[in-house]
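Structure first, then comments.
The values are calculated or read from the model by the stated rules, or taken from the named source; none is laboratory data. Just so you know, these numbers come straight off a predicted model, no measurement behind them. Cβ sites come from the backbone with ideal geometry, for glycine too, and all protein chains shown count toward neighbours. Surface areas here come from the heavy atoms of the whole protein model, side chains and all, with no ligands, DNA or RNA. Shrake-Rupley method; radii C 1.70, N 1.55, O 1.52, S 1.80 Å.
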Amino acid sequence: MHKIFDMGKVKLDEIDHQILDILIDNTRTPFTDIAKKLLISAGTVHVRVRKMEEAGIIRGSSLTLDYVKLGYSFIAYVGIFLEKTHQTKFVLERLKEIPNVTVAHITTGKFNIFCKIRAKDTTHAKNIIFKIDDIEGISRTETMISLEESINDKKRLMHTIFNEL
Amino acid sequence: MDHNTVKLQGLDSRYLPPEGILGLIDSFSTEFHCETIGHSVEERPIQTIKIGHGSLKILMWSQMHGNETTTTRALLDLINMFQLAKGEQKEWLEKLTILVIPMLNPDGAIYYTRRNANDVDLNRDAQALSQPETKALFTIYQDFQPDFCFNLHGQRTRYAVGESEVPTTLAFLAPSADTSKTITDARKQAMQLIVGIHSSLQSATKIGMARYDDAFNAQCVGDAFTAMGTPTILFEAGHYPGDYHRHMTRKYLYDTLYSALKLIATAGWTNIEYSMYFDIPENKTSYADIVLKNNNTGGTKTQLALNYDEQLIDGQIVFVPKPISESYAPFYIGHKIFDLQNEKDVDTLRSDTHLSAFI
């Protein structure tokens, strides 16, 4: 069972948890549908969601696209070696100028930066890799091409987090 | 006059420090007016050579990036051509006044670096004018008030002509004057000239020629001069297959400058349709110097691309291969390709000082 917990000033109760569970599965569920399901009023749903937004628990809801349908089915992971680690910030700024770089992390281990790129096809990916290879301060890259995106889902983790609380 | 007739001795190396041109400038000074217009960060003189006495003024500068020497070598051959000239070319000098800065960045030239001694890229200093070299260039630009500017550079081996596999030996640019890449009068004239140069070279040779990226950057000198209303052409000396010392590129660049001056002196460019500029294929990244196929890194075979790092060792440029990109897809085309599953290729690599490390 959900426990009531304290997040700073905010306390979440059973109703909040149930609302979150529904929104995690589909952020666009209309408040009236949530209200019907939980046998509460739409006004209550609205108030609860606003409370959680103001408390910073819900930061926003994001748009999930079908990249494959939009023609962007190519995913690659690129490990980046830097010439000098003090160039990290500059290199990250340059990576940010390439919209196809969707994720970048400063990492321990073999690489200095590890990033994800999304492209239309191999030729498109090639041109993105060329751009990355040409960034001043990058000495070398290693590209791993995704064969299949098998897991890309934060919902299970979100449910787990709220269940644990 | 063809390049063989005018080619100067002693300019065969990619390394061209100031002392390599001092003697030549001295010899030119008997015929042409030579002057020191400023000094570099480390107090090396920046010199000019003035040729001709016509009303059309052309300002040319080379080795703004110290390690881009091919254009300087070609430019010195061009000056030699005017020294030897008798007929047609002598007449050009009635029409033209050419002011040449053969080495704008003498400190970078001595250290074989792109940047100057303050580690500043002079071609990103057109607004700040923070460096003595850029200040000297802008002062001479203001004093001389050129009708045309030639901005002479060298580019790496990584480019091909459009989507083809033809390496770019020469690239041209009519720089933008603003972010929306407006075709201003100055830019249009630069485009017309480029179309003229391109077609005259195309009929004589089969080398790869491309159009350089025209994204606007006010810090680039060519963009700044175009914005100030002077038609400016960026010339990039690129790679000719197998020609790492750029002897062939030097010749083609001489031909390029020769045809550019001829077009200006004879007004042969004024009726050229500028929009044909956009028919010249773009300069596209495609090449690495070396590609090792079937590179085995624990399971999956990858392609390893290496580029030569140009290192200055005892006054010589040594080409040391350095890995730049490894992938499971053949992204780069190699100027040289070795298959690590082919025994002959492996033997070749084994006997190479640098490449044996990659077997």
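Observations
- Applied to the range B:140-157, the Karplus parametrisation 6.51 cos²θ - 1.76 cosθ + 1.60 on θ = phi - 60° returns per-residue 3J(HN,Hα) values of 5, 4, 5, 6, 7, 6, x, 7, 9, 10, 10, 9, 9, 9, x, 10, 6, 7 Hz, with x for Gly and Pro.
- Applying the Karplus relation 6.51 cos²θ - 1.76 cosθ + 1.60 with θ = phi - 60° to the range B:9-14 yields 3J(HN,Hα) values of 7, x, 10, 7, 8, 5 Hz, where x marks Gly and Pro.
- Chain B - mean residue ellipticity at 222 nm from DSSP helices (-39,500 (n - 2.57) per run, n ≥ 4, rounded to 500): -9500 deg cm²/dmol
- Reciprocal of mean inverse Cα separation for the range B:123-279 (Kirkwood radius, Å): 16.0
- Extension gain for B:Glu163 to B:Ile359 (0.36 nm times residue separation, less C-alpha to C-alpha distance): 67.5 nm.
- Where Rh is the Kirkwood radius over Cα pairs, Rg/Rh for chain A: 1.11
- Think of the protein assembly as shown as having a plus end and a minus end, set by charges on the Cβ of Lys, Arg, Asp and Glu; of B:Ala126, A:Ala35, B:Ser327, A:Ala35 sits farthest toward the positive end of this dipole.
- Cα-centred dipole magnitude for chain B, charges only on beta-carbon of K, R (+1) and D, E (-1), debye, nearest 20: 400
- Histogrammed with a bin width of 5 Å, the alpha carbon distances of the range B:3-284 distribute as 1, 6, 13, 18, 21, 19, 14, 6, 1, 0 percent, first bin at zero.
- Magnitude of the charge dipole, the range B:287-358, Cβ model with Lys/Arg +1 and Asp/Glu -1, debye to 20: 240
- Here the accessible area is traced with a 1.4 Å probe on the protein chains. For the range B:3-284, carbon and sulfur cover 48 percent of it.
- Above-threshold pairs, the threshold being 22 Å between Cα atoms, out of A:Lys84/B:Lys293; B:Lys50/B:Lys95; A:Lys126/B:Lys344; A:Lys96/A:Lys131; A:Lys131/B:Lys322: A:Lys84/B:Lys293; A:Lys126/B:Lys344
- Applying 1/(1 + (r/R0)^6) with R0 = 60 Å to the Cβ-Cβ distance of B:Ser27 and B:Asn296 gives a FRET efficiency near 0.60.
- Compactness relative to 2.2 N^0.38 Å, alpha carbon Rg of the range B:287-358: 1.13
- Residues whose placed amide H lies under 5 Å from that of B:Ser176, excluding near-sequence neighbours: none
- Summarising the amide proton neighbourhood of B:Ile324: residues at separation of 5 or more, or on other chains, whose placed amide H is nearer than 5 Å comprise B:Ala305, B:Leu306, B:Asn307.
- Theoretical FRET efficiency, 1/(1+(r/R0)^6), r = Cβ-Cβ of B:Glu43 and B:Glu88, R0 41 Å, to 0.05: 0.50
- According to the Kirkwood relation over distinct C-alpha pairs, the hydrodynamic radius of the range B:266-307 is 14.6 Å.
- Once the Cα-Cα distance is subtracted from the 0.36 nm per residue extended length, the B:Gln9 to B:Ala267 segment shows a gain of 89.6 nm.
- Neighbourhood net charge (15 Å Cβ-Cβ; Lys/Arg +1, Asp/Glu -1) for A:Arg118: +2
- In terms of Cα atoms, the Rg and Dmax of the range B:1-143 work out to 15.0, 45 Å.
- Theoretical gain in end-to-end length, A:Ile22 to A:Asp134 [0.36 nm per residue, Cα-Cα removed]: 35.8 nm
- Using all pairs of distinct alpha-carbon atoms, the Kirkwood hydrodynamic radius of the protein assembly as shown works out to 26.7 angstrom.
- FRET efficiency, A:Arg59 to B:Asn118 (Cβ-Cβ, R0 56 Å, nearest 0.05): 0.80
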